[in-house]
Amino acid sequence: MKVLKVDPIRNGTVIDHIPAGRVQRVLAILKPRSTDIVMMGMNFSSKAMKKKDIIKIEGRELTQNEVNSIALVAPKAKVSIIRDFKVAQKSKVEIPEAIVGLVECPNPKCITNAEPMTTVFKLESGEDRQLACQYCERVFTADEMKHL
């Protein structure tokens with residue numbers, strides 16, 4: 001018998017297949033507003049991943065930039081837009097070719113850490129999630145990044 005552990009939402013977004021333990025990092029990207037109704041689950045059983053996290057946001061559809069940014073910390077996540085309790089749209093996340101103003105450069109000597117400016121990273125390798133800082137030209141993995 002199947003048991004429903006999380007209430008369904010009428011309208012909003014569901015982010016599924018987040019690697020276990022990364023739900024807080026995804027929330028840091030989404031920056032939920034104080035009025036958002038957010039349900040978060042950690043360490044759910046998953047056939048494909050053994051354990052996974054999940055986020056449901058009632059009344060909010062994510063932008064494509066938000067969806068793509070999730071790929072930095074959850075590269076196999078699936079995003080579903082829910083309308084009237086039904087999946088209206090489903091998509092996989094993809095790291096965009098350019099990441100603008102979303103993450104800090106891990107290089108302490110980078111100009112972006114000394115001056116008030118927008119960071120820009122270019123995707124070097126999608127499979128390895130490697131990003132190159134436009135300013136200091138150093139390459140980092142997405143796991144080394146801290147979200148703004």
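The values are calculated or read from the model by the stated rules, or taken from the named source; none is laboratory data. These figures come from a predicted structure and were not determined experimentally. As a convention, Cβ positions derive from the backbone with ideal geometry for all residues, glycine included, and neighbour counts pool all protein chains shown. Heavy atoms of the whole protein, side chains included, go into the accessibility calculation; ligands, DNA and RNA do not. Shrake-Rupley method; radii C 1.70, N 1.55, O 1.52, S 1.80 Å.
For the range 7-33, a residue qualifies if it is within 18 Å of Arg83 (Cβ to Cβ) and modelled with pLDDT under 90, and the qualifying residues are Asp7, Pro8.
In this structure, does Val100 turn out to be of a type in the set (Val, Ile, Thr), within 15 Å of the chain's Cα centre (by Cα) and open to solvent by less than 70 Å² (accessible area, probe 1.4 Å)? Steps first, please.
Numbers: of a type in the set (Val, Ile, Thr): yes; within 15 Å of the chain's Cα centre (by Cα): yes; open to solvent by less than 70 Å² (accessible area, probe 1.4 Å): no.
The answer is no for Val100.
All conditions in (1) assigned to a loop (DSSP other than H, G, I, E, B); (2) touching a Cys at 6+ places or on another chain (Cβ under 7 Å) hold for Phe121, with the sole exception of (1).
Against the list (1) open to solvent by less than 40 Å² (accessible area, probe 1.4 Å); (2) at pLDDT 95 or above; (3) among the basic types (Lys, Arg), the condition Lys109 fails is (1). With a requirement of 1 or more residues that are at positive phi and in contact with a strand residue (DSSP E or B) (Cβ under 6 Å, 6 or more places away or on another chain), the strands (runs of 3 or more DSSP E) lying completely within the range 1-80 that satisfy it span 12-19, 37-46. For the range 72-93, a residue qualifies if it is of a type in the set (Gly, Ala, Ser) and either loosely packed, with under 13 Cβ neighbours inside 10 Å or touching a residue at least 40 places away in the same chain (Cβ under 8 Å) (or both), and the qualifying residues are Ala74, Ala77, Ser80, Ala88. Among residues of the range 51-71 that are modelled with pLDDT under 85, those with a Cβ under 7 angstrom from a residue that is open to solvent by 60 Å² or more (accessible area, probe 1.4 Å), sequence gap 6+ or separate chain, pair up as Asn68/Glu94.
Screening Thr35, Thr13, Thr63 for residues that are more than 21 Å from Glu127 (Cα to Cα), open to solvent by less than 30 Å² (accessible area, probe 1.4 Å) and of a type in the set (Ser, Thr, Tyr) leaves exactly one candidate, Thr13.
A count restricted to the range 112-124 and to residues that are open to solvent by 40 Å² or more (accessible area, probe 1.4 Å) and aliphatic (A, V, I, L, M) stands at 2. Of everything in the range 125-140 that is at pLDDT 90 or above, over 12 Å from Val100 (Cβ atoms) and open to solvent by 30 Å² or more (accessible area, probe 1.4 Å), the residue that is nearest to the chain's Cα centre (by Cα) is Gln130.
Restricting attention to the range 119-148, report how many residues are among the hydroxyl-bearing types (Ser, Thr, Tyr) and under 18 Å from Ala28 (Cα atoms). Of the residues in that region, 2 qualify.
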